[in-house]
Number of protein chains: 2
Amino acid sequence: MASLLRAATWGMFPWRGYCSRGTQGKLSEGFVEALKAVVGSPHVSIAAAVREQHGHDESMHRCQPPDAVVWPQNVEQVSRLAALCYGQGVPIIPFGSGTGLEGGVCAVQGGVCVNLTHMDRILELNPEDFSVVVEPGVTRKALNTHLRDSGLWFPVDPGADASLCGMVATGASGTNAVRYGTMRDNVLNLEVVLPGGRLLHSAGPGRHFRKSAAGYNLTGLFVGSEGTLGLITAATLRLHPAPEATVAATCAFPSVQAAVDSTVHILQAAVPVARIEFLDDVMMDACNRHSKLNCCVAPTLFLEFHGSEQALAEQVQRTEEIIRHNGGSHFSWAKEAEERSRLWAARHNAWYAALALRPGCKGYSTDVCVPISRLPEILVQTKEDLQASGLTGTIVGHVGDGNFHCILVVDPEDHEELLRVKDFAEQLVRRALALHGTCTGEHGIGLGKRQLLQEEVGTVGIETMRQLKATLDPRGLMNPGKVL
Amino acid sequence: MASLLRAATWGMFPWRGYCSRGTQGKLSEGFVEALKAVVGSPHVSIAAAVREQHGHDESMHRCQPPDAVVWPQNVEQVSRLAALCYGQGVPIIPFGSGTGLEGGVCAVQGGVCVNLTHMDRILELNPEDFSVVVEPGVTRKALNTHLRDSGLWFPVDPGADASLCGMVATGASGTNAVRYGTMRDNVLNLEVVLPGGRLLHSAGPGRHFRKSAAGYNLTGLFVGSEGTLGLITAATLRLHPAPEATVAATCAFPSVQAAVDSTVHILQAAVPVARIEFLDDVMMDACNRHSKLNCCVAPTLFLEFHGSEQALAEQVQRTEEIIRHNGGSHFSWAKEAEERSRLWAARHNAWYAALALRPGCKGYSTDVCVPISRLPEILVQTKEDLQASGLTGTIVGHVGDGNFHCILVVDPEDHEELLRVKDFAEQLVRRALALHGTCTGEHGIGLGKRQLLQEEVGTVGIETMRQLKATLDPRGLMNPGKVL
């Protein structure tokens, strides 16, 4: 009642969206009723627990809950929600699986969180065209389960079972990117609800060709836009033939340099390696303990190859030659599915293995990416910085792309330690920028890297991005406070 | 003198750019002097022959000469030219090799043509990072010559020896795209002079990482923008390991369907075919005559494989199995460089072979791209339409991408025939659009396909593109009349 009264004094509409515009902004009862009129009462919540749950992702950014959470059932509802919120000056925050790592879902100005997970249909599969259309709630594992008997798969794998449209919004990549590319390379078309509610098909309605030179690349503009330009309500993705056979391997190296040199030589030899992951000695030690591996505690590469039996044999032979030439040893080849799963489960659980180094603590992951030739020096320097900082941290990375993560394990109650983490992470990014790298290979800018983005792209770059944002979202209501 | 007088009455500047604003616009002497002050007298021309030469590309669009042509020597000059022209309301038209096929360089509103071919240095080669930075005048052949001993190459090959930045602007692709992707997939960073003269580095100055999730994808926005958003003054390109060995082949098929089915099966089998090109019977007949081949006059695939000797043997074996299963015959394998060159020279000369069908006539090329599953029906329909139209035309295409060209050979003096060509081409595009395809796989929109672009991307799509254009080029002076 009080909020209704405040609403009445605030604006000209009886259910004007906001009662107050501070960070404590509440929605008027009338506005909540209007939300319910769009998606149905059971699909709107203003319960504190629900809002809390939607106010954070898997990162350490503090929870900033939205004022309401809504679960639209179809694109028409998303469109009406966008029009309603935009018309009333209420921020809109898209929500997928909540597995982001840069605070992309924090409702820094309050507003309505649009949880898209109820829209989880696979709308269209075109096996001959190697394409599929998914709604935003479909996760990458759900898609690959659906594709199991089709001879096709979707290879982008950021680790978490993220929603595919969330992966589009983040510009995600992961372990298979060295061979299959990132989300940027695997999106053919997007259906986007623009801030005012209008529906855009980035490559035209229903289109799913493999290439085009028709006008500006709108698809590319929305991939990696982190929900700041519109709500992605469907994605047409590029599929790949499922590998006929797969071999995985681990191999230890005398130094970081030797591991990275091997990577460059493998790429130069055009071995179509599917995955090539680096883990430093601390990370290996943690993985040995956590996943009961029995690997050397040394700089290590995890590799995976896809192809026919014959092609695999050659890839494996060439790789072994290159690795031995660079001083690698302790090969462990895994051909059977079970053995491979065990290896890659250990790699995918690296995050938890790192956390287990300090029970009760939380993790923070850096995400720089540099030209591969600069990897050895930045890795060596980062290890030195880690030791000097006294922080607990491991290094793991998609070394074939020049992208690596430093997983820092922190006591969230220790303010001084948190500051050291912040300093360490910023120093690492500035080092990467000085080596012509980027502050984020795959996690996005989100809340914490906005200043660093500015340093990375320069004044004209950031102004151009701001102009694009202002053009597509003139009221600045789409996931405000992110990216820019 | 007359023009100076008119200039004085036209505007407030003594050398106001335009004396009149119609399509007959002339530049004032003062403005031409200002151009000379930027680039030096020898690098400015207002000679009719020079202007004519810069008023058209290789297409049939009529010559529309600019009012002046300038040859800047460096990026600072390009920046000053842009500021000068923009300040004076004078259109700016970037010019590379002039090998475009959609009238992209026609000066529809007059203005200054900026010929970038004097800026032809390879600025930086990073072999370990698989990247190179080129100025806009460097052509793809010049780059590959430079790379000869590096073990690397740049695979995007549109046929013509186009300038690489022109290829960026067009979003070009060509015969190798099925394996190596198009320009969209192979540009890491762009240096762009924005319309007002400011310098943008689309991924930040000097950066050349393999992937990033940092902010909006500005690089992607400029690839394929056809000179309408800015002047590309340097491109950082992604390089690939040079193939260890290469095999080429041709193979005849009983039907179009059999040739396309083979293509889909080869892709589904994950054979990493480097080139897979379709030529119809009429095209083969023309190539046999023009290039003295001795191939069957039947639907034909030209193929090329890259890899190690061992990998090639397997690719070839699998491909033969698939092709035989689909009724293909008359294999001709070419392993030696000379033999391969002869085959691919014939393919690259397809345009001239088609022209030779009617000596004295000109060629017009369509460029639709459809989902591969729809290729057989559109190819069969297109052949029927061709016969019904009475036009002379051949079909050749990058069938692995779903992209094909119908090369129509026309008497440029025969107005009625030109109209039939226009009708045929439009009907073909509308057919492609109905099959979820695009009006242009690789030639761009240019002058002739603006209406078709609108049909392809829909109202919201075209309005979004218009908004982006208005944001980056508010005065509408960058290559006006193209794309939108």
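The values are calculated or read from the model by the stated rules, or taken from the named source; none is laboratory data. Because the structure is a prediction, the values reported are computed rather than measured. When we count neighbours, we look across all protein chains shown, and the Cβ atoms used for this are built from the backbone with ideal geometry, even at glycine. With ligands, DNA and RNA removed, areas are computed over all heavy atoms of the protein, side chains included. Shrake-Rupley method; radii C 1.70, N 1.55, O 1.52, S 1.80 Å.
Observations
- Hits in the range A:402-428 - residues which are within 14 Å of another protein chain (Cβ to nearest Cβ) and open to solvent by 10 Å² or more (accessible area, probe 1.4 Å): A:405
- Top-ranked residue in the range A:293-330 [being in contact with a Lys or Arg (Cβ under 9 Å, 6 or more places away or on another chain) and away from chain B (no Cβ under 14 Å); ranked as farthest from residue A:179 (Cα to Cα)]: A:293
- Some residue of the range B:460-481 being facing another protein chain (nearest Cβ under 8 Å), in contact with a Ser or Thr (Cβ under 7 Å, 6 or more places away or on another chain) and over 26 Å from residue A:470 (Cβ atoms): no
- When residues in the range A:466-484 are screened for being in contact with a helix residue (DSSP H, G or I) (Cβ under 9 Å, 6 or more places away or on another chain) and either part of a helix (DSSP H, G or I) or more than 21 Å from residue A:232 (Cβ to Cβ) (or both), 5 of them pass.
- Restricting the first member to the range B:168-182 and to residues that are within 8 Å of chain A (Cβ to nearest Cβ) and within 14 Å of residue B:219 (Cα to Cα), and the second to residues that are open to solvent by less than 10 Å² (accessible area, probe 1.4 Å) and in a helix (DSSP H, G or I), the beta-carbon pairs closer than 8 Å and six or more apart or on different chains are B:170/B:183; B:171/B:183.
- Residue match in the range A:184-196 (condition: open to solvent by less than 20 Å² (accessible area, probe 1.4 Å), assigned to a helix (DSSP H, G or I), within 7 Å of chain B (Cβ to nearest Cβ) and touching a Leu at 6+ places or on another chain (Cβ under 8 Å)): no
- Residues in the range A:237-244 include at least one that is in contact with a Lys or Arg (Cβ under 8 Å, 6 or more places away or on another chain) and either crowded, with 24+ Cβ neighbours inside 10 Å or more than 7 Å from chain B (Cβ to nearest Cβ) (or both).
- The set of residues in the range B:77-123 that are open to solvent by 10 Å² or more (accessible area, probe 1.4 Å), within 21 Å of the chain's Cα centre (by Cα) and of a type in the set (Gly, Ala, Ser) comprises B:96, B:97, B:98, B:100, B:104.
- A single entry from A:455, A:463, A:442 fulfils the requirement of being part of a loop (DSSP other than H, G, I, E, B) and acidic (Asp, Glu): A:442.
- Within the range A:137-166, restricting attention to residues that are surrounded by 24 or more Cβ atoms within 10 Å (Cβ to Cβ) and without any contact (Cβ under 8 Å) to a residue 40 or more places away in the chain, the residue that is farthest from the other protein chains (Cβ to nearest Cβ) is A:138.
- Contact annotation: residue pairs with Cβ atoms under 8 Å, 6 or more positions apart or on different chains, pairing a residue in the range A:375-399 that is more than 18 Å from residue A:441 (Cα to Cα) with a partner that is of a type in the set (S, T, N, Q), are A:380/A:257; A:385/A:427.
- Complete set of residues in the range A:337-377 that are surrounded by fewer than 17 Cβ atoms within 10 Å (Cβ to Cβ), more than 20 Å from the chain's Cα centre (by Cα) and away from every other protein chain (no Cβ under 14 Å): A:337, A:338, A:339, A:341, A:342, A:356, A:358, A:359, A:360
- All positions within the range A:197-231 that are among the polar types (S, T, N, Q) and either closer than 24 Å to residue B:101 by Cα or open to solvent by 10 Å² or more (accessible area, probe 1.4 Å) (or both): A:212, A:217, A:219
- Restricting attention to the range A:167-183, the residues being of a type in the set (Ser, Thr, Tyr) and either open to solvent by less than 10 Å² (accessible area, probe 1.4 Å) or in contact with a strand residue (DSSP E or B) (Cβ under 9 Å, 6 or more places away or on another chain) (or both) number 3.
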